[in-house]
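Since the structure comes first, as structure tokens, the remarks are kept for the end.
The values are calculated or read from the model by the stated rules, or taken from the named source; none is laboratory data. Treat the numbers as computed from the prediction; the structure is a model and nothing was measured. Glycine gets a Cβ as well: all are built from the backbone with ideal geometry, and neighbour counts include every protein chain shown. These accessible areas exclude ligands, DNA and RNA; they are computed on the full protein's heavy atoms, side chains included. Shrake-Rupley method; radii C 1.70, N 1.55, O 1.52, S 1.80 Å.
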Amino acid sequence: MTLPAVSPTPARARQWHALETEAVLRALDSNAATGLVTAEARRRLQVWGPNALEEPDRRSPFRILLAQFADVIVLVLLAAAALAALMRELVDLVAILVIVLLDAALGFVQELRAERAVAALRSLTAPSARVRRDAIERTVPAAALVPGDIVLLEAGNVVPADLRLLEAARLRVNEAPLTGESHPVDKHAAPLPGAPRALGDCLNMAYKGTMVSQGRGEGVVAATGGHTELGRIADLLARGVSPRTPLQQRLLRFSRQLAVIVLALCALIFLAGLLRGEDARVMFMTALSLAVAAIPEALAAVVTVSLALGARRLARQQALVRRLPVVETLGSVTYIASDKTGTLTQGRMRVREIRTSDGAAPTSPSSARALLLKGMALNNDAERDADGALIGDPTETALYEAAARAGCVKEELEPLEPRVAELPFSGERARMSTLHRAGAEFVVYTKGAPESVIPLCDARMGRTGAEPLRATELLTDAETMAASGLRVLAFAMRRLQALPPSLEQAEERQVFVGLVGLMDPPRGEAREAVALCRSAGVHVVMITGDHPATARAIAVELGIATATDDVVSGVQVATAPPEVLEARVRDIRIYARVSPEDKLRIVEALQRQGEYVAMTGDGVNDAPALQRADIGIAMGRTGTDVAREASDMVLLDDDFATIVAAVREGRRIYDNVRRFVRYTLATNSGEVWTLLLAPLLGLPLPLLPVHILWMNLVTDGLPGLALAAEPAERDIMQRPPRPPAESIFARGLWQHALWVGLLMTGVTLTVQGWTLGAGDAHWQSMTFTVLTLSQLAHLLAIMSERDSLFSRGLRGNRPLLMAVLLTFALQLCTLYVPWMRLAFRTAPLTPGELLACVAAASLVFLAVELEKWLVRRGRLYGTLSAFA
């Protein structure tokens, strides 16, 4: 036997499903009766390699850890640490190093996630397989399978490779890991010619990593290892890179810009002092102190604390955050691409509609409704286990529950009409029949696809008994129900006086009794959550492996789409040119029958359009898109380990509404980070302007280096961290998402920081000049106190970007109030505690001097409140923000 002239391409790429079984065997140079000979199997194994997922190239843990210190903001913090060490400020030094190490640890954990995802993917593969080789059935390691092997399948097996089925006897395969759909799929061996098909429509294929839930079958191996559908997903995961979050991108730009500005200003202040004749050593120490103060090393701590508090809040709401920075990303999300099953829906089939052939619902035992309910209960293989829980096929359990709710309980009916024979469901027959003894006669109940059951009937149950069938009308009714997204089953029955010669004959000349429509219903809270997303400017897109009609019906019911919106199939996504997909992707709301690559294309097309995408999913097929999305959200209850490892966040309750709560939390966190940036820029710039302008105005240096470091410690520390606890603005979910490319300085932030910093400087230098002119010996202590209290006044004013402190009060953020009071008390200690006066070279102020300092600082508070009043009326920053 020679090697087949085929390339080791993925199973669907070769279109094996479209070929007759004989053509498949010829192409693979195999024989169904004897299988491969051992020598040929060994030779193919050398050519194609083992049936296992390839190990990715791995960096050593040391290299991964070292890479965390290459980030610009980390380098800025390390520079600040070096300056703090030079100034012998041990508290600052320790704080900065702790922040850097914490940031490195978070990044290190993130780098390991992709490896764990691929490792979890490998655990799905079967350890062994039953094959036919040398005309003998034997068990071999699954890794030893090669294209052309004949594999035998039975219930409970994990499919060991991608197979083209040669035989299928009541074979049903659960493909949830690849398609995301929970109900098992009926398989057959007949060819499926025509256009390329989505994975879920290849009913004559069995894919690696899926589970046989019923029946038995045989298949020839069409693809192994990395060339399987599962292998393609592993390859996408190994090549995927999680993008930087919006916050990381904005802070990266901010840190670069700030580092350049700070170094330039420090050099300018140093040179200005030398030109004035100041002592070079004093000016050098002042410039270094200012550099330490101007670099907001607390920024990383504020961000980390904000994200940690947000993650803790989300955990209480059943959302487990796996990577802290993505909590903020949710605040930037413009599109949520959600799986349907289990996220937007309940994840369980339910009977949604019943249409009886008599068009009414009488209570007579011989009515069509009564007979239909009995058929639903008795023609049913679902049963209860020892704990009373229902087990069985999702469709069977849905029918069981619906009949039981109507009073037809299977366990109560079976003693009265025991089952004596059955014709099981198969893909070819598309129906199931059971024969029951009912006293002296027998009753046949049949259920299945309408096109399979209705031709068996020669009458329909009417209000007065059997009536003409009108098959065309019944099939039209079934099509109407299917068009609304329901899975439709037809039910029929027949009474027999004696056992027929064969069960097939018992299925003839039946009486049609009704149609049953089933659907996995939407979650009750999902519609409200979708509406809230719409009010927040977030677009919801459904991406599912389910039938287009079902996807449309759920999307319309939830308000995701309208009845006139197009449903785009995975095949259309796969065959569309990239520019065509990108042109339409913003307007498409429903995707059906999609593959892993299709999901990835959709996410990437949205990202290329400048959108931030959150992707939900639970199956192996979702993992590449979860990893590539700006935030991947896996299901905690129904999700696979692969999906969870590839995700950034796990929904413990599998509830779409939890995502909306996370969006709200993400927006709150970003608002608080902006508050801190607004605060630290304004206050630090006030210090810089004060030191820069004082010499130009002929004033002596207003502050000593120790004063600068003190303000950096007490005003940037606890008060800044307390901003992380600020509650959400009242309109946070009624405003659109931030534009993804928006600078952190947009919407008036840089203008605010500029004028407030100058105002602080003006107030401080005015107090300095006034006290110097009056011959007050406490001029430096008053200057130091005014600048410190001005920063606290500014902090109180910016607790809200729009609302006045007089209307919202301080009750919403007690930690901030406590931080302000503590900082004020510490500042008084520098003035009135003897040993601290000595360390800070200050003098105790008189009550009048202290009151003057408080009054001067209050001007900053009142000015910022005036700014917010103008912003609320749209008279400020409306046009200036365009320059940010």
Next on the checklist: Among the residues of the range 691-707, are any within 39 Å of the chain's Cα centre (by Cα) and either assigned to a helix (DSSP H, G or I) or not aliphatic (A, V, I, L, M) (or both)?
Outcome noted: no
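Taking the criterion of being part of a loop (DSSP other than H, G, I, E, B), at pLDDT 90 or above and closer than 21 Å to Thr21 by Cα, would at least one residue in the range 228-235 satisfy it?
Keep residues of the range 228-235 that are part of a loop (DSSP other than H, G, I, E, B), which gives 228.
Right, trim to at pLDDT 90 or above and you get none.
No: the range 228-235 contains no residue that is part of a loop (DSSP other than H, G, I, E, B), at pLDDT 90 or above and closer than 21 Å to Thr21 by Cα.
Go through the range 569-580 and give me each residue that's out of contact with any Pro (no Cβ under 9 Å at 6 or more places or on another chain), closer than 16 Å to Arg197 by Cα and open to solvent by less than 60 Å² (accessible area, probe 1.4 Å).
Narrowing the range 569-580 to residues out of contact with any Pro (no Cβ under 9 Å at 6 or more places or on another chain): 570, 572-573, 576-580.
Filter again for closer than 16 Å to Arg197 by Cα, leaving 570, 572-573, 576.
Gly570, Val573, Ala576 - these are the residues of the range 569-580 that are out of contact with any Pro (no Cβ under 9 Å at 6 or more places or on another chain), closer than 16 Å to Arg197 by Cα and open to solvent by less than 60 Å² (accessible area, probe 1.4 Å).
Mind checking whether some residue in the range 603-611 is more than 24 Å from Thr345 (Cβ to Cβ) and in contact with a Pro (Cβ under 6 Å, 6 or more places away or on another chain)?
Of the range 603-611, the ones more than 24 Å from Thr345 (Cβ to Cβ) are 604-605, 607-611.
Then drop every residue that is not in contact with a Pro (Cβ under 6 Å, 6 or more places away or on another chain), which leaves 610.
Yes, the range 603-611 has at least one match.
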Checklist entry - Is it true that some residue in the range 654-666 is more than 30 Å from Val613 (Cβ to Cβ), in contact (Cβ under 8 Å) with a residue 24 or more places away in the chain and among the charged types (D, E, K, R)? => result no
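Condition check ((1) modelled with pLDDT under 90; (2) open to solvent by 60 Å² or more (accessible area, probe 1.4 Å); (3) part of a helix (DSSP H, G or I)) across all residues:
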{"residue": "Met760", "(1), (2), (3)": "no, no, yes"}
{"residue": "Val763", "(1), (2), (3)": "no, no, yes"}
{"residue": "Ala777", "(1), (2), (3)": "yes, yes, no"}
{"residue": "Gln780", "(1), (2), (3)": "no, no, yes"}
{"residue": "Thr788", "(1), (2), (3)": "no, no, yes"}
{"residue": "Asp803", "(1), (2), (3)": "yes, no, no"}
{"residue": "Phe806", "(1), (2), (3)": "yes, yes, yes"}
{"residue": "Gly812", "(1), (2), (3)": "yes, no, no"}
{"residue": "Leu817", "(1), (2), (3)": "yes, no, yes"}
Next on the checklist: Looking at the structure I just gave you, is Thr842 more than 53 Å from the chain's Cα centre (by Cα), surrounded by 15 or more Cβ atoms within 10 Å (Cβ to Cβ) and outside any helix (DSSP H, G or I)?
Outcome noted: yes
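Does Ala555 satisfy being in contact with a Lys or Arg (Cβ under 8 Å, 6 or more places away or on another chain), assigned to a helix (DSSP H, G or I) and either open to solvent by less than 20 Å² (accessible area, probe 1.4 Å) or within 30 Å of Asp653 (Cβ to Cβ) (or both)?
Details: in contact with a Lys or Arg (Cβ under 8 Å, 6 or more places away or on another chain): yes; assigned to a helix (DSSP H, G or I): yes; either open to solvent by less than 20 Å² (accessible area, probe 1.4 Å) or within 30 Å of Asp653 (Cβ to Cβ) (or both): yes.
When the stated conditions are applied, Ala555 passes them.
Go over the candidates Gly537, Gly524, Gly517 one by one and state the one that is touching a helix residue (DSSP H, G or I) at 6+ places or on another chain (Cβ under 6 Å) and either within 30 Å of Leu373 (Cα to Cα) or not hydrophobic (A, V, I, L, M, F, W, C) (or both). Quick ask: steps written out before the conclusion?
Numbers: Gly537 fails: touching a helix residue (DSSP H, G or I) at 6+ places or on another chain (Cβ under 6 Å); Gly524 fails: touching a helix residue (DSSP H, G or I) at 6+ places or on another chain (Cβ under 6 Å).
That would be Gly517, the only listed residue that is touching a helix residue (DSSP H, G or I) at 6+ places or on another chain (Cβ under 6 Å) and either within 30 Å of Leu373 (Cα to Cα) or not hydrophobic (A, V, I, L, M, F, W, C) (or both).
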Checklist entry - Is it true that some residue in the range 737-750 is touching a helix residue (DSSP H, G or I) at 6+ places or on another chain (Cβ under 6 Å), buried (at least 18 other Cβ atoms within 10 Å of the Cβ) and either in a helix (DSSP H, G or I) or free of Cβ contacts under 8 Å to residues at least 60 places away in the same chain (or both)? => result yes
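Quick grid of which residues meet (1) modelled with pLDDT under 90; (2) under 26 Å from Leu475 (Cα atoms); (3) more than 46 Å from the chain's Cα centre (by Cα); (4) charged (D, E, K, R):
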| position | (1), (2), (3), (4) |
| --- | --- |
| Lys374 | no, yes, no, yes |
| Asn379 | no, yes, no, no |
| Glu412 | no, no, no, yes |
| Ala430 | yes, yes, no, no |
Checklist entry - From Cys829, Cys853, which residue is surrounded by fewer than 17 Cβ atoms within 10 Å (Cβ to Cβ) and in contact with a helix residue (DSSP H, G or I) (Cβ under 7 Å, 6 or more places away or on another chain)? => result Cys829
Next on the checklist: assigned to a loop (DSSP other than H, G, I, E, B), modelled with pLDDT of 85 or more and in contact with a helix residue (DSSP H, G or I) (Cβ under 8 Å, 6 or more places away or on another chain): is that true of Ala195 in this structure?
Outcome noted: no
